[in-house]
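Visitor: A single structure is presented below for examination.
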Amino acid sequence: MLSLSVVFGQCKKTEITSEIPQITFKGASFLQSIEGKDSLLVLVISYKDGDGDLGLNQSDTFAPFNPVIDSEGKSLNPYFQNLHINYFEKYEGKFQSVTNPFNVTDTLAYAYRFESLTPDGRHKQIRGDIEVKISQNAYPNASDTTMYEVYIYDRALHKSNTVQSPVIIWNK
C-alpha cells in the first residue's frame, strides 16, 4: 500500500530557485496497528521548484507521460509516475535492493503519480512537503531494518536530486 499527501506553498518573490526540483529528506515516523506494531511508515520529503512544474494532471497520459507496460506488467516509462522510491534491506551488515516477491525479474520499488502543484498567478516558485505512507504488510517477509531512496520528476522531465532516508527499524 502506498499513500501520498502533498502540502505546498509559494516561495518568496526574491528567492531564486532552480527549475530542477530539489528535495530533502525531512523525516520518518510510524503509524501503529491496534496490536502496537508498526503498520505504516510515513516518509516526509520537502521539495522546492523554481518554475512550479511539479505533479501531473489526470489528462497527462500522452507521451512522455503515457503508461508503457511490458509483458510482465512492469512500467517502462519513468515519467508516468513522478515520485520514485527505491527500497533497501540490511543483510549481513550491508543495505541491498530486494527482489520483488511478485515479479522476480525486478527489484522492489515504489512509484506514485501525484497531482499538479503549479500555483495560479505569475510567481510559480513553490516549496512544500510530500508525505508518503508505505505499508510493511505489502511485503510480509521484509527485514526489520530498511532504507529508502527518493527522487521526483517534473513536467519538463527534470530529475531531482536523490535523497536517502536514515536507517529505519520496524517494530514487527
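Visitor: What number of residues within region 37-56 are in a loop (DSSP other than H, G, I, E, B) and either of a type in the set (Val, Ile, Thr) or within 18 Å of the chain's Cα centre (by Cα) (or both)?
Guide: The number of residues fulfilling the criteria is 3.
Visitor: Could you check region 42-61 and list, in sequence order, the residues that are β-branched (Val, Ile, Thr) and surrounded by fewer than 18 Cβ atoms within 10 Å (Cβ to Cβ)?
Guide: Val42, Val44, Thr61
Visitor: For Phe65, which of the numbered conditions (1) surrounded by fewer than 18 Cβ atoms within 10 Å (Cβ to Cβ); (2) farther than 15 Å from Tyr148 by Cα fails to hold?
Guide: All conditions pass for Phe65, except number (1).
Visitor: Of the conditions (1) closer than 30 Å to Thr17 by Cβ; (2) among the hydroxyl-bearing types (Ser, Thr, Tyr); (3) not in a loop (DSSP other than H, G, I, E, B), Ser59 clears all except one; give me its number.
Guide: Unmet for Ser59, out of (1) closer than 30 Å to Thr17 by Cβ; (2) among the hydroxyl-bearing types (Ser, Thr, Tyr); (3) not in a loop (DSSP other than H, G, I, E, B): (3).
Visitor: Continuing with the same structure: Could you check Asn141 against (1) out of contact with any strand residue (DSSP E or B) (no Cβ under 7 Å at 6 or more places or on another chain); (2) within 27 Å of Leu56 (Cα to Cα) and say which number it fails?
Guide: The single condition Asn141 does not satisfy is (2).
Visitor: Name the one entry in Tyr112, Tyr79, Tyr91, Tyr87 that is of a type in the set (Ser, Thr, Tyr), out of contact with any Gly (no Cβ under 8 Å at 6 or more places or on another chain) and exposed (fewer than 13 other Cβ atoms within 10 Å of the Cβ).
Guide: One residue alone meets the criteria, Tyr91.
Visitor: Sticking with this structure for a sec: Looking only at region 115-155, which residues are closer than 14 Å to Val44 by Cα and not aliphatic (A, V, I, L, M)?
Guide: Across region 115-155, the qualifying residues are Arg127, Gly128, Asp129, Glu131, Lys133, Tyr148, Glu149, Tyr151.
Visitor: Give Phe80, Phe30 a once-over and let me know the one that is of a type outside the set (A, V, I, L, M) and without any contact (Cβ under 8 Å) to a residue 60 or more places away in the chain.
Guide: Criteria check complete, one pass: Phe80.
Visitor: Mind telling me which of the residues Asn171, Asn141 ends up being surrounded by fewer than 13 Cβ atoms within 10 Å (Cβ to Cβ), modelled with pLDDT under 95, in contact with a Lys or Arg (Cβ under 7 Å, 6 or more places away or on another chain) and in a loop (DSSP other than H, G, I, E, B)?
Guide: The match here is Asn171.
Visitor: Is it the case that some residue within region 144-152 is at pLDDT below 95 and part of a loop (DSSP other than H, G, I, E, B)?
Guide: yes
Visitor: Right, next: Just need a number here: residues in region 42-92 that are under 16 Å from Asp106 (Cα atoms) and at pLDDT 90 or above.
Guide: Count: 8.
The values are calculated or read from the model by the stated rules, or taken from the named source; none is laboratory data. Note that the structure is predicted; figures quoted are calculated from it, not measured. Glycine gets a Cβ as well: all are built from the backbone with ideal geometry, and neighbour counts include every protein chain shown.
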